Each structure stands twice: as C-alpha cells, then as structure tokens.
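Okay, structure first, notes after.
The values are calculated or read from the model by the stated rules, or taken from the named source; none is laboratory data. On a predicted model such as this, the values are computed, not experimentally measured, just so you know. All Cβ positions, even for glycine, are placed from backbone atoms using ideal geometry, and neighbour counts span all protein chains on display. Heads up: the accessible areas ignore ligands, DNA and RNA and are worked out on the full protein's heavy atoms, side chains in. Shrake-Rupley method; radii C 1.70, N 1.55, O 1.52, S 1.80 Å.
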Amino acid sequence: MKSEETARRVARVSIESKIEMDEERYVDGFKPFMMDVVKAWVDGQSFANICKMTTIFEGSIVRCMRRLEELLRQMCCAAKAIGNSELEAKFTEGTQKIKRDIVFAASLYL
C-alpha cells in the first residue's frame, strides 16, 4: 500500500528530526478508504454511483467532501499567503472539481 509506505517514511523522518511520535500510531491514523470515492467524484461520477462503491453512509460521504473542500480552500489561502501561485492554482482547481452537484447543494428540499 503506497499511502502506508509514505506515512511510514514521514514518521521516520520526523523521528530522526527529534519530533516525538509513535510510528505505528501515526501510520494507523491514516484511513484511506474514502480515496477511491473522492477520486471517482472528482472524475465526474454521479453521487448514486459513488454511494454504490462503499458501505459508508451517504451523509458521511457528503461531510467528508465538504470538509475536504474547506481544507482545499484553506490550503489555497496559505499558498497565496506564501506567494506560491502554482500551488494556489492547483488547490483552486481541486476545489472547483470537488464542489459540484448534490454534495454542495444549499438544501435537499427543492
């Protein structure tokens, strides 16, 4: 699993840098089970299709997407603050791709 290897590498470098951390606990903190769902959403799949990909409740999927969009907006602001326009553009593109359809509807009562 590539994400687990990356997390281990980050933990080892952090420990080598004298940052106190438990490698196993750090690695176990990553839960990549929503990555495929988010990727499918960004690629344009319908909400019905992504719900079929997982057993996670629909509300949890919506909450995850909204939190991710908020994180992307904050990262965009941080990139802008440090003057990295290339990174800012990437975060803006990610925000635009994720923010669509029923997940970001103001109300489900139309």
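Output the number of the condition that Glu4 fails; it satisfies all remaining conditions of (1) modelled with pLDDT under 90; (2) open to solvent by less than 60 Å² (accessible area, probe 1.4 Å).
Just one mismatch for Glu4, condition (2).
Of everything in the range 56-105, what is open to solvent by 60 Å² or more (accessible area, probe 1.4 Å) and either hydroxyl-bearing (Ser, Thr, Tyr) or not assigned by the TED database to the domain that holds Val37 (or both)? Give them in sequence order.
Once the filter is applied, which keeps residues that are open to solvent by 60 Å² or more (accessible area, probe 1.4 Å) and either hydroxyl-bearing (Ser, Thr, Tyr) or not assigned by the TED database to the domain that holds Val37 (or both), the range 56-105 yields only Ser85.
For Leu108, work out the one condition from (1) in a helix (DSSP H, G or I); (2) at pLDDT below 90; (3) of a type outside the set (Ser, Thr, Tyr) it doesn't fulfil.
Unmet condition: (1).
Return the total of residues in the range 16-55 being closer than 26 Å to Ile98 by Cβ, part of a helix (DSSP H, G or I) and open to solvent by 90 Å² or more (accessible area, probe 1.4 Å).
5
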